[in-house]
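The values are calculated or read from the model by the stated rules, or taken from the named source; none is laboratory data. Note that the coordinates shown come from a computational prediction; the quantities given were computed from them, not determined experimentally. Note that we place each Cβ from the backbone using ideal geometry, even for glycine, and neighbour counts take in every protein chain shown. Accessible surface is based on the protein model in full, side chains and every heavy atom, while ligands, DNA and RNA are left aside. Shrake-Rupley method; radii C 1.70, N 1.55, O 1.52, S 1.80 Å.
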Amino acid sequence: MEHTLHDRISAIIAPSLEGMGYRLVQVRMMEGGRRTLQVMAERVDGKNMTVDDCANISHSVSALLDVEDPIQGAYILEVSSPGIDRPLVKFDDFVRFTGFEAKLETKMPVEARRRFKGRIEKTEGEDIIMRTVEGVQARIPFHMVQSAKLVLTDELIDWHGKAAAADN
């Protein structure tokens, strides 16, 4: 999906989602057999997403996109939570998940490589500081990140389980 369309859709739906108590994580158009607009969101209160949450978001996003009509042609709307091994899209995601393991790919080589896997140690300014699985500290400017996601580890599962227990 071209970047301006992504920005336009985000601008249309994010305020409504925020008003409903959700945070927009990511918007992606997946081309292929059937065009699918994927909207990924999470609860602002930190509780786990439910099927009802996804249904509420779907109804709201559908209505907003029907009125604004930013996408030409037919598509399927898919609403989901980011999941445990969630994508890291915003700089604040790296701040929030400091201490956890992540994989990321950069737009251009940084420190002679494009792919990194390791623990997010901290953020400084607009940089992400990672300790790679090779034991090397890497400084990656956020604007160079093409894609990133958390790695599914026992530590992450435990953390997620504690968050789910707090829901009850």
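Brief remarks on what is shown
- Of the cross-linked pairs LYS117/LYS149; LYS47/LYS117; LYS47/LYS103, those separated by over 18 Å at the C-alpha level are LYS47/LYS117; LYS47/LYS103.
- When you count the other C-beta atoms within 10 angstrom of each residue and take the mean per peptide, 63-70, 121-128 line up highest first as 121-128, 63-70.
- Carbon/sulfur fraction of accessible area - the chain, other protein chains in place, 1.4 Å, %: 51 percent
- Dipole in debye (nearest 20) - segment 70-134, about Cα centre, beta carbon charges: Lys, Arg +1; Asp, Glu -1: 180 debye
- Cβ crowding within 10 Å averaged over residues, with 107-114, 143-150 ranked highest first: 143-150, 107-114
- Rounded accessible area per residue of segment 20-113, 1.4 Å, Å²: 53 Å²
- Net dipole in debye of the chain [+1 Lys, Arg Cβ; -1 Asp, Glu Cβ; about Cα centre; nearest 20]: 520 debye
- Under the span-like rule (Cα at least 27 Å along the axis, Kyte-Doolittle mean at least 1.6), DSSP H helices of the chain: none
- Taken one residue at a time, the phi angles of segment 119-125 give Karplus couplings (6.51, -1.76, 1.60, θ = phi - 60°) of 8, 6, 7, 5, 10, 9, x Hz. Gly and Pro are set to x.
- Largest mean-square fluctuation among ILE140, ILE129, ILE71, in a Gaussian network model of the chain whose springs join Cα atoms under 10 Å apart, belongs to ILE71.
- A Stokes-Einstein calculation at 10 °C with viscosity 1.306 mPa s, built on the Kirkwood radius of the chain over Cα pairs, returns a diffusion coefficient of 92 µm²/s.
- Cβ-Cβ distance of GLN72 and THR153, R₀ of 35 Å, FRET efficiency by 1/(1 + (r/R0)^6): the value works out to about 0.25.
- In segment 16-100, trypsin sites (Lys or Arg not before Pro) in a DSSP loop with at most 13 other beta-carbon atoms within 10 Å: ARG34
- In terms of its alpha-carbon gyration tensor, segment 68-154 comes out prolate; a/c meets the 1.5 threshold, and the first ratio a/b outweighs b/c.
- Take every Cα pair under 8 Å whose residues are at least 6 apart in sequence, average their separation, divide by the length of segment 48-159, and the relative contact order is 25 percent.
- Here the sum of -39500 (n - 2.57) over DSSP H runs of 4 or more residues, divided by the residues of the chain, equals -10500 deg cm²/dmol at 222 nm, to the nearest 500.
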